[in-house]
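Here is the structure we will look at, set down as structure tokens.
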Amino acid sequence: MKKRMMKLMALAAVATLATGTITSSVYAGLTASEAQTAETGTETNEPPSDEGGNPPEKPDDGENPPEKPDDGENPPEKPDDGGEPGEPGGPGGGSEPATYDAVKTITSDTDETAVTYESTTADQNALLVSGAKVTESDLTVTKTGDSSGGDSCNFYGLNAAVLAKDGAELTIDGAVITTDAEGANGVFSYGGNGAQNDAAGDGTTVNISNAIITTKGNGSGGIMTTGGGVTYANNLTVETSGRSSAAIRTDRGGGTVNATGGIYTTNGTGSPAIYSTADISVSDATLTSTASEGVVIEGKNTVTLTDTTLTANNTQKNGNATHYDSVFLYQSMSGDSSEGTSEFTMTGGKLISQNGEVFHVTSTDGVIELENVTIINEDADRILLDVSNDGWSSKGNNAVFNAKNQILSGEIIVSNAATSTASAESTLTMNLAGSGFKGTVNSTVAETEQGSVSLSLDENSLWELTGNSYVSSLSGSGKINYNGFTLYVNGTAYTADSPYTEDGITSTDETVDEEEPVVDDEKDVVFQNAKKTFKANALAKKAKTYSIISESDGGAVTVTKYLGKAKKYVSVSADGEVTVKKGTPKGVYKVRIAVAAEGKYKAAEKTIRVAVK
């Protein structure tokens, strides 16, 4: 897969076009400030102050999650290079650049097919769409040229490969977009609200489908939405490698992101698969973070996952973080998001937590809603949920955890223990409906430091203790298997011989039936560029090659049928590369291909279509 992506990127780099300038020093990762980088929407460039330009995604030293001010009064400081996962843009946020520079600026409605734009200049966009309705098909964009624009990159889109602003409606169907620079987000939707949280945008909307987006520098998210912008993504393959470079990234001013299908992968510190300072919904997708949290939500914002697989291997702390976790809800006080409730909702799919806590809530009110989610916790400590003080100043750490038709296991920690930066109280309200929980509550927390825990079990729910546990209140009509341990409710001890019986709670010997997790389910091969269009005059000079398969370890590709004259002009290699021969005349050429099953990938068939105009 990586091999195919590299070849596609090389292809994109071959295109020749004028260069432009853009200053972008934002980090697109799990940071709120990162999300805000996309705020620009004009045509010139005066980068906002660098001080708040890095998203919470990357800490100065990359060791802690989203950075937050030590005392909670100022946003987490952002490193000069963009900050870390969870690092917001910082106080202020600067102002939108006075002008923007771009290799190509489109201000009137138009449609383009098979064009290439390349920028090698700092603080320059390769393609800027301002206030126009534009459709790009089979687009190739490359962007180099480091920016130090900080918030101009994070909030306003300076130095992004593709930027839409000023109420533009940009539709991209089929694209290879590659950036290798600091502060160079892939595709940026800036809604024009001046980085004002909770303010309406100007209608700027990006619709992007069937695209491969690869970013390599720090502060370089895959798809970036700020300032009230809107992004619709369908069947994308996004991979980022830098710090503060979330695959789905948002920053100050927020917006709306709706992603369907696709594969999103991040490899850098402070670069979660999703960093939310907006309302983000993802369905039928694969999200993977190899070093950072999987999802970070800052302040009054949301992430909703449906039938999606989220895998997080948080091995590098970012910003002020002192914990490793897979889903992180917090408030940095940086100004990148409004204070309020952070909401994470997941229905169906899998959550695979490879290192650290599955869920962590600090310095905010957080709501976690789960239904029919398979949770696989591979960490040795098996902490399901931690509600406690961390590295950000806090007015309180308060979580609501609602589980419906769930199997849950592990330890729940609700602690008032102070840190060097916070000494707030922690609370948890946990409601189980038709669910089983095999684990403990506060079994490792000193009694003097335990936070308040209210637990409710409906008639179809069961709690099987695996250690002594402590709750402030217990209600409902569910069942408890004490399993030889003691349950303390508001300080009173209960055991199987002397069980808690109020509100219809009963003692039982039943156990929670934990399903054997299957991590490597079969996957479908992901096809890219099933429809491709070229200009005849371009083919008159040289052949064109592109990949039909992305992010797949599928087996060999074979042609099962050539339709019409396709065999004369189109060839397909065993690793899925399609070559359209030099001199191919105008027409439509169709080829039926098959991909053999291999590893976790199922066999697949597809008809690819090449149009020459």
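The values are calculated or read from the model by the stated rules, or taken from the named source; none is laboratory data. What you see is a predicted model; the values in this text were computed from it and never measured. Don't worry about glycine lacking a Cβ; one is built from the backbone with ideal geometry, like all the others, and counts go over all protein chains shown. In case anyone asks, the SASA skips ligands and DNA or RNA and just uses the protein heavy atoms, side chains included. Shrake-Rupley method; radii C 1.70, N 1.55, O 1.52, S 1.80 Å.
Charge tally around K613: other residues with Cβ under 10 Å, Lys/Arg +1 each, Asp/Glu -1 each, net +2.
Taking every protein chain into account, the 1.4 Å probe leaves I177 with about 0 Å² of accessible area, to the nearest ten. Summary of packing: across the peptides 588-597, 145-154, the per-residue average of other C-beta atoms within 10 Å ranks them, highest first, as 145-154, 588-597. Translational diffusion coefficient, Stokes-Einstein: compute it for the stretch 96-137 using the Kirkwood radius over C-alpha pairs as Rh, at 25 °C and 0.890 mPa s, and state it as an integer in µm² s⁻¹. D = 219 µm²/s.
Take the Cα gyration tensor of the stretch 350-482, multiply each eigenvalue by 5, square-root it, and list the three semi-axes largest first, rounded to whole angstrom.
Working: eigenvalues 105, 54, 38 Å².
Working through the eigenvalues yields semi-axes of 23, 16, 14 Å.
Accessible-area rank, largest first, for H323, H360: H323, H360, with all protein chains present and a 1.4 angstrom probe. Highest mean packing comes first when the peptides 156-167, 124-135 are listed by Cβ atoms within 10 Å, giving 156-167, 124-135.
Taking a ≥ b ≥ c as the square roots of the eigenvalues of the Cα gyration tensor of the stretch 173-309, is the shape rounded (a/c under 1.5), prolate (a/b larger than b/c) or oblate? In terms of gyration-tensor shape, rounded. Shown are Y569, Y117, whose ranking by accessible area with a 1.4 Å probe and every protein chain present, most to least, is Y569, Y117. A viscosity of 1.567 mPa s and a temperature of 4 °C, combined with the Kirkwood radius over C-alpha pairs in the Stokes-Einstein formula, give the stretch 392-440 a diffusion coefficient of 105 µm²/s.
The lysines within cross-link reach of K395, meaning a Cα-to-Cα straight distance under 25 Å and a gap of 8 or more places when in the same chain, are K58, K68, K78, K300, K317.
Centre-to-centre, using Cα atoms only, the stretch 185-229 and the stretch 396-475 are separated by 37 Å. Taking max minus min of the alpha-carbon positions on each principal axis, the stretch 252-390 gives extents of 33, 33, 28 Å, largest first.
When the C-alpha to C-alpha distance is required to be over 21 Å, the pairs from K133/K165; K350/K606; K535/K582; K565/K602 that qualify are K350/K606; K565/K602.
For T302 and N372, the difference between the fully extended length at 0.36 nm per residue and the C-alpha to C-alpha distance is 23.3 nm.
Calculate, for A543 and V588, the FRET efficiency according to 1/(1 + (r/R0)^6) with r their C-beta to C-beta distance and R0 22 Å; round to the nearest 0.05.
On the way: r = 18 Å, r/R0 = 0.81.
Computed FRET efficiency for A543 and V588 comes out at 0.80.
Here the stretch 262-294 and the stretch 551-594 have alpha carbon centers that stand 33 Å from each other.
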